[in-house]
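Below is one structure, written out as structure tokens; the observations come after it.
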Amino acid sequence: MFKLFMKANYLYSILWMACTGKDKFQYREESKVHSFLSERVFEAALKSAQLNR
């Protein structure tokens, strides 16, 4: 699941930068999808860590 969210974030960031003409730093600051995907990655990593205890 972690890799899926990371790949989705990567592909969306490329599309977002191409469409807006902005750089990756602006993507991280402005994109709501980046925030959403980052939260999901964190949640997936946290669940994985808790299950592996």
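Numbers for the structure displayed
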item	result
Extension gain (nm, one decimal) between Cys19 and Asn52, 0.36 nm per residue minus Cα-Cα	7.8 nm
Rounded tilt (10° steps) of 2-20 against the dominant C-alpha axis of the chain	10
Contact order relative to length of the chain, as percent, for alpha carbon pairs under 8 angstrom and 6 or more apart	46
Heavy-atom surface of the chain, accessible at 1.4 Å and reported per residue (Å²)	83
Where labels lie 7 Å past Cα in the beta-carbon direction, separation of Tyr10 and Phe36 in nm	2.1
222 nm mean residue ellipticity, helices alone, for the chain (DSSP H n ≥ 4; -39,500 (n - 2.57); rounded to 500)	-28500 deg cm²/dmol
Average silhouette area of the chain, convex hull of alpha-carbon atoms, in square nanometres	3.5
Percent carbon-and-sulfur accessible area, the chain, ignoring ligands, DNA and RNA, probe 1.4 Å	62
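The values are calculated or read from the model by the stated rules, or taken from the named source; none is laboratory data. Just so it is clear, the structure is predicted and the values come from calculations on it, not from any experiment. Methodologically, a virtual Cβ is constructed for each residue, glycine included, from the backbone with ideal geometry; neighbour enumeration extends over all protein chains shown. The protein model used for the area step is the full one, side chains on, heavy atoms only, and it has no ligands, DNA or RNA in it. Shrake-Rupley method; radii C 1.70, N 1.55, O 1.52, S 1.80 Å.
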